[in-house]
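The values are calculated or read from the model by the stated rules, or taken from the named source; none is laboratory data. Predicted, not measured: the structure shown is a model, and the values here were computed from it. Backbone-built Cβ (ideal geometry, glycine too); neighbour counts: all protein chains shown.
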Amino acid sequence: MGTTAKPSKSNPPWSRQRPRTLIWGLLIFALVFLFGLALSVGSVSIPWESTVAILLNQEADVILHQIIWELRLPKIFVALLAGAALSTSGLQMQTLFCNPLAGPFVLGINAGASLGVALVVLGTGVGIGLMDNAGLLSQLSLFFASITGAGLVLLIVVFLAQRVQHNVTLLIVGLIFGLMVGSLVSILIYFSEPEEIQSYLIWTFGSFRGVTWDQLSILTPAILGGLAVALMTIKPLNALLLGETYAQSMGLSIKNTRNLVIISTAVLAGSVTAFCGPIGFLGIAVPHLCRGLFNTSDHRILLPAVVLIGAELALISEIVAQLPGSQYTLPLNAITSLLGGPIILWVILKRQISVKP
């Protein structure tokens, strides 16, 4: 099992060696720039001045107004929320399990959400609402099934967490449970019609598009709630950097910390999977990128950093997947893998992961 490097007394995890104010300023500027770029580019290019006029309700073109307000703005907000949620989940998992390859789906939450969608799509023949012209009721039924599947997995994991003594054991249990749930999805696919299989497979590609303002009113408070719980884990996770024995000697409850992280991760990853499909690599790659950029392991810095950089990388992925100026759209998971894969390879090649026999 991989382990992260232990911080030394001479070089504490929150040592400051870089002009972080400049980094924060550049990141905020990049977020504003990407927000404007995502509004302007797409299958229909809209000049910046027209985009600003539309946002201020000073543009008379009804079609451009609808493109911005009904298509691009919801997509952008979904990308920002999803990137922040998945990256935060990955940071918590990596610290809790002392494993640099841990991600937000490691406890089978993604598999549970996928099983809920598979039961609806492959069992009833309902099309994926995000990818076709299905009505609002069909879309909500898929979202409800996905959230229910993720919630059931959460209940099982929380139940097991009360009885498992070691985090590594819980990690293995989560992986095995995820594989078991995935096998049920494979069985459903085997007995399904080709049209149903195609609809489900398209959902697994992941997408930030198609989420309406009404659906955002559900997704937004869910993710904000998960991030609020994550804020409560900053000090406990910093203590865990020095080892569980040291953390317990400081009065930290390992069980309570683990349960908070599990709940936060389940809400964040489960909500994103329900509305956007399974999005890979962001949760694993972004925390490593933030550690390297800020040269720290302090969660007081890393948590806001992963929220900001995760949102930006998700937005970049969406812009690239859209293929500006083209009518084609690439699978979102293909883009996130291309962006996140090199970061994981960099972690391995830098020998930041040690493997014990």
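If you check LEU338, LEU330, LEU252 for being at pLDDT below 90, assigned to a loop (DSSP other than H, G, I, E, B), closer than 18 Å to GLY83 by Cβ and of a type outside the set (Val, Ile, Thr), only one passes: LEU330.
Sub-6 Å Cβ pairs linking a first residue in the stretch 199-224 that is within 16 Å of SER271 (Cβ to Cβ) to a second residue that is charged (D, E, K, R) and surrounded by 16 or more Cβ atoms within 10 Å (Cβ to Cβ), at least 6 apart or interchain, are PHE208/LYS75; PHE208/GLU318, ordered by first then second residue. When the stretch 95-116 is filtered for residues that are aliphatic (A, V, I, L, M), crowded, with 24+ Cβ neighbours inside 10 Å and at pLDDT below 80, the ones remaining, listed by number, are ALA102, VAL106, LEU107, ILE109. Selection over the stretch 230-266 of residues that are within 22 Å of ARG163 (Cβ to Cβ) and under 21 Å from the mean Cα position of the chain (by Cα) gives a count of 11. Out of curiosity, is PHE205 surrounded by 15 or more Cβ atoms within 10 Å (Cβ to Cβ), under 21 Å from ILE316 (Cα atoms), modelled with pLDDT under 85 and in contact with a helix residue (DSSP H, G or I) (Cβ under 9 Å, 6 or more places away or on another chain)? Against the criterion (surrounded by 15 or more Cβ atoms within 10 Å (Cβ to Cβ), under 21 Å from ILE316 (Cα atoms), modelled with pLDDT under 85 and in contact with a helix residue (DSSP H, G or I) (Cβ under 9 Å, 6 or more places away or on another chain)), PHE205 does not qualify.
None of ARG300, ARG291 is in contact (Cβ under 8 Å) with a residue 24 or more places away in the chain and assigned to a helix (DSSP H, G or I) except ARG300. From the residues in the stretch 226-271 that are surrounded by 15 or more Cβ atoms within 10 Å (Cβ to Cβ) and of a type in the set (Ser, Thr, Tyr), which one is farthest from SER207 (Cα to Cα)? This residue is THR257. Taking the listed residues VAL320, VAL347, the one that is modelled with pLDDT of 85 or more and β-branched (Val, Ile, Thr) is VAL320, with no other qualifying. Does ILE46 satisfy the criteria of being farther than 30 Å from GLY174 by Cβ, in contact (Cβ under 8 Å) with a residue 24 or more places away in the chain and either out of contact with any Lys or Arg (no Cβ under 8 Å at 6 or more places or on another chain) or buried (at least 21 other Cβ atoms within 10 Å of the Cβ) (or both)? Criteria not met by ILE46.
Quick check on ALA274: is it in a helix (DSSP H, G or I), buried (at least 21 other Cβ atoms within 10 Å of the Cβ) and not basic (Lys, Arg)? Spelling it out, ALA274 is indeed in a helix (DSSP H, G or I), buried (at least 21 other Cβ atoms within 10 Å of the Cβ) and not basic (Lys, Arg). Of the numbered conditions (1) in contact with a Pro (Cβ under 8 Å, 6 or more places away or on another chain); (2) closer than 14 Å to LEU91 by Cβ; (3) not β-branched (Val, Ile, Thr), CYS290 fails exactly one; give the number of that condition. Against the list (1) in contact with a Pro (Cβ under 8 Å, 6 or more places away or on another chain); (2) closer than 14 Å to LEU91 by Cβ; (3) not β-branched (Val, Ile, Thr), CYS290 comes up short only on (1). Can you name every residue in the stretch 308-330 that is over 16 Å from PHE29 (Cβ atoms) and among the aliphatic types (A, V, I, L, M)? Those that are over 16 Å from PHE29 (Cβ atoms) and among the aliphatic types (A, V, I, L, M): ALA314, ILE319, VAL320, ALA321, LEU323, LEU330. Among the residues of the stretch 311-332, those identified as surrounded by fewer than 14 Cβ atoms within 10 Å (Cβ to Cβ) and either of a type in the set (S, T, N, Q) or free of Cβ contacts under 8 Å to residues at least 40 places away in the same chain (or both) are SER326, GLN327, TYR328.
For the criterion of being in contact with a Gly (Cβ under 9 Å, 6 or more places away or on another chain) and either crowded, with 19+ Cβ neighbours inside 10 Å or not small (Gly, Ala, Ser) (or both), SER87 passes.
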